[in-house]
Amino acid sequence: MIIYKYDISGVTEADLDPFFEGWPEKPTLSKRLEILKNSDYVIIALDDENIAGFINAVTDKTLSAYIPLLEVIPKYRKQGIGTELVKRMLDHLKDYYMVDLCCDENLEGFYKKLGMEKVTGMIKRNYDRI
Ligand SMILES: CC(C)(COP(=O)(O)OP(=O)(O)OC[C@H]1O[C@@H](n2cnc3c(N)ncnc32)[C@H](O)[C@@H]1OP(=O)(O)O)[C@@H](O)C(=O)NCCC(=O)NCCS
């Protein structure tokens, strides 16, 4: 059974090894843990001891929140875990005026079903800073 946890106590660098799938350059394991530690909010989907997926958010603690990362590892996909993580995070962030994220076109439907809307966005990536 999947349970959802709102803190990262007990999470180790090794637990984060299966994540960042498909990234051309992946953050080191220690950076992955640092990312979660430094996020304002993290929700983890746990299957016993194993992390099946997670979502994080960073905020200005007043008006704006941004969801940088959402990932469910392949063996746990298509079971509703990604949907549940987003739903729970959006609920957690419901007092913020703006809650933004960027996604590939193929995920527009996924986020629309969760009440989000498509906008035009601009991004900058410093690829040597991963
Ligand atoms: C995107 C991602 C988080 C979705 O996670 P997930 O746990 O598979 O999500 P869900 O199971 O809630 O739903 C995914 C889709 O599968 C469908 N689905 C859910 N259960 C299903 C099942 N049993 N059989 C078939 N399809 C199913 C859902 O309807 C949904 O379809 P939709 O995209 O048309 O809405 C996951 O694919 C992932 O980690 N991808 C790589 C990282 C990534 O792209 N992250 C997003 C960054 S913006």
Of the residues in segment 8-61 that are among the acidic types (Asp, Glu) and within 14 Å of the ligand (Cβ to nearest atom), the one that is farthest from the chain's Cα centre (by Cα) is Asp47
By residue number, the members of segment 69-82 that are near the ligand (Cβ under 6 Å from one of its atoms) and either within 18 Å of Ile35 (Cα to Cα) or touching a helix residue (DSSP H, G or I) at 6+ places or on another chain (Cβ under 8 Å) (or both) are Leu70, Glu71, Val72, Gly82
Among (1) farther than 17 Å from Leu36 by Cα; (2) more than 10 Å from the ligand (Cβ to nearest atom), there is one condition Tyr66 misses while meeting the rest; what is its number? (1)
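So that you can scan it fast, the table gives a plain yes or no per residue for (1) outside any helix (DSSP H, G or I); (2) among the acidic types (Asp, Glu); (3) within 20 Å of Tyr127 (Cα to Cα):
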position	(1), (2), (3)
Ser9	yes, no, no
Phe20	yes, no, yes
Arg32	no, no, yes
Val42	yes, no, no
Ala65	yes, no, no
Lys94	yes, no, no
Tyr111	no, no, no
Among the residues that make up segment 93-109, is at least one of them loosely packed, with under 13 Cβ neighbours inside 10 Å, within 22 Å of Asp7 (Cβ to Cβ) and more than 12 Å from the chain's Cα centre (by Cα)? yes
Can you name the residue in segment 83-130 that is within 7 Å of the ligand (Cβ to nearest atom) and without any contact (Cβ under 8 Å) to a residue 24 or more places away in the chain and is also farthest from Ile55 (Cα to Cα) among such residues? Gly109
Determine which member of the set Leu36, Leu46 is at pLDDT 95 or above and assigned to a helix (DSSP H, G or I). Leu36
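The values are calculated or read from the model by the stated rules, or taken from the named source; none is laboratory data. None of the values given here were measured: they were computed from a predicted structure. When we count neighbours, we look across all protein chains shown, and the Cβ atoms used for this are built from the backbone with ideal geometry, even at glycine.
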